[in-house]
1. Restricting the search to segment 342-384, which residues are within 10 Å of the ligand (Cβ to nearest atom) and within 24 Å of residue 14 (Cα to Cα)?
2. Out of segment 126-151, which residues are assigned to a loop (DSSP other than H, G, I, E, B) and in contact (Cβ under 8 Å) with a residue 40 or more places away in the chain?
3. Going through segment 28-40 one residue at a time, which ones are surrounded by fewer than 18 Cβ atoms within 10 Å (Cβ to Cβ) and over 24 Å from the mean Cα position of the chain (by Cα)?
4. Looking only at segment 74-95, which residues are open to solvent by 40 Å² or more (accessible area, probe 1.4 Å) and either more than 15 Å from the ligand (Cβ to nearest atom) or in a loop (DSSP other than H, G, I, E, B) (or both)?
5. Working carefully through the options 71, 98, find the one that is within 11 Å of the ligand (Cβ to nearest atom), open to solvent by less than 10 Å² (accessible area, probe 1.4 Å), not hydroxyl-bearing (Ser, Thr, Tyr) and not in a helix (DSSP H, G or I).
6. Go through (1) away from the ligand (no atom under 14 Å from the Cβ); (2) surrounded by 18 or more Cβ atoms within 10 Å (Cβ to Cβ); (3) on the phi > 0 side of the Ramachandran plot for residue 170 and report which single condition fails.
7. Exactly one of (1) away from the ligand (no atom under 12 Å from the Cβ); (2) open to solvent by less than 30 Å² (accessible area, probe 1.4 Å); (3) over 18 Å from residue 344 (Cβ atoms) is unmet by residue 151. Its number?
8. I'd like the full set of residues that are over 15 Å from residue 172 (Cβ atoms), assigned to a helix (DSSP H, G or I) and not polar (S, T, N, Q), limited to segment 341-356.
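The values are calculated or read from the model by the stated rules, or taken from the named source; none is laboratory data. Quantities reported herein were computed from a predicted structural model and do not represent experimental measurements. No Cβ is skipped: glycine too gets one built from the backbone with ideal geometry, and neighbour counts run over all protein chains shown. Note: areas computed on protein heavy atoms with side chains; ligands, DNA, RNA excluded. Shrake-Rupley method; radii C 1.70, N 1.55, O 1.52, S 1.80 Å.
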Amino acid sequence: MKSFEAVQHYFNRAADKLELTENMRTLLLTSKREVQVQIAVEMDDGQLQTLIGYRVQHDNARGPMKGGLRFHHEVDLDEVRSLASLMTWKTAVVNIPFGGAKGGVTVNVRKLSLRELERVTRKFVDEIHDVIGPDTDIPAPDMGTNAEVMAWIMNQHNKYHGFSPGVVTGKPVEHYGIPGREEATGRGVGILALKTLGRLGHKAQKTRVAIQGFGNVGSHAAKFLQEADCRIVAISDVSGGYYCAEGINVLEAIQYSNKNNRSLEGFAAASRISNEELLELEVELLVPAALGGVITADNAPLINAPLIIEAANAPIRPEADDLLNDRGVVILPDILANAGGVTVSYFEWAQNRQYYRWGLDRVRQELDRVLSSAFEEVWNLAREHEVSLRTAAFMLGIGRVGRATVLGGIT
Ligand code: GLU
């Protein structure tokens with residue numbers, strides 16, 4: 001099943017419960033606009049390279065479209081389309097006034113120099129600047145992009161359209177960004193993990209956690225959960241997995257990775273395991289925080305964790321989702337679990353539009369408030385309709401988008 005088909009599958013399951021007509025399903029699933037552009041750049045060695053970039057704008061019934069930009073060698077239109085639609089349901093689940101979009105460039109960022117990365121970014125903006133904007137579509141960081149890339153996007157967009165910091169979020173704090181945006185997705189994962197553990201009767205102190213992926217999301221989630229007394233027994237990145245039954249010192253691992261070109265390769269304070277072994281560990285909580293599609297029908301039966309928090313977008317394939325649900329494994333779905341990032345993006349956008357500075361305490365407090373109320377709504381809906389948390393989250397999101405669409409007038 002391809003990425004978009006997988007989202008469609010989850011969508012239809014919730015749409016059945018909501019008794020949506022076929023016509024309404026088609027309307028809600030179809031992207032408003034899909035843009036594919038050529039990015040021709042000169043590399044440092046003088047060679048010309050032609051890359052492909054995408055921006056998929058899925059839905060704007062509830063507000064300007066919003067979603068990250070992914071720079072990764074596996075990016076294709078199907079993936080960007082699926083991620084754009086996930087953003088629509090995600091912003092609706094946490095009830096922030098945005099629609100959904102996503103963008104990407106098919107490129108291996110690890111092979112680019114800093115200046116090449118900047119040229120790719122600026123050239124991409126040259127191609128899409130007319131379709132993005134603070135009232136239409138607002139990009140943000142995702143896999144392979146960061147605050148610096150967002151600063152270039154703002155700068156390049158403003159050359160065409162004048163000063164407008166709200167055209168992109170996730171900017172550096174010193175450059176129209178907001179404190180707490182960088183940690184927001186991981187922190188949100190941590191907040192929601194503790195809430196779910198609490199509901200399931202687990203104490204944080206007794207919780208063993210395995211986290212796949214130690215980028216921005218995975219490392220901040222690990223830090224938050226360790227501060228809450230959970231035991232982070234395993235972490236991993238592209239270099240492999242690292243296991244320590246007594247618990248890994250997360251701050252030490254973060255420092256090590258930062259010094260080591262953002263890689264855990266050679267991290268000696270834990271024993272080596274593979275990324276696959278990490279998924280199968282005896283833990284109370286498993287957090288996939290890396291690529292999509294890592295939990296499949298093949299490895300789902302080997303997963304021992306009773307609770308999975310989807311920090312990554314779409315880490316579980318639908319066939320695996322069914323197998324895990326049948327075994328009673330609780331899954332907090334991506335469209336709620338990793339919504340902390342876009343929530344703080346909303347605060348940043350609001351701050352940019354108000355020319356008013358928010359402090360870190362306020363950001364954290366409001367993030368907690370937004371995620372807690374979305375969690376309550378999804379949890380209660382799941383119980384009321386006797387469905388999984390994923391189906392409940394989709395029902396909540398689709399319901400909100402559907403109502404806004406109808407109220408706005410369709411034809
Ligand atoms: N890329 C992040 C996501 O998938 C954040 C998007 C945003 O802040 O707009 O949710």
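1. Across segment 342-384, the qualifying residues are 342, 343.
2. 131, 132, 134, 135, 136, 142, 143, 144, 145, 146
3. 38, 40
4. If the condition is that a residue be open to solvent by 40 Å² or more (accessible area, probe 1.4 Å) and either more than 15 Å from the ligand (Cβ to nearest atom) or in a loop (DSSP other than H, G, I, E, B) (or both), then 74, 76, 77, 95 are the ones that fit.
5. The conditions single out 98.
6. If we test residue 170 against (1) away from the ligand (no atom under 14 Å from the Cβ); (2) surrounded by 18 or more Cβ atoms within 10 Å (Cβ to Cβ); (3) on the phi > 0 side of the Ramachandran plot, just (1) comes out false.
7. Result: residue 151 passes all but (3).
8. Hits for segment 341-356 are 341, 342, 346, 347, 349, 350, 353.
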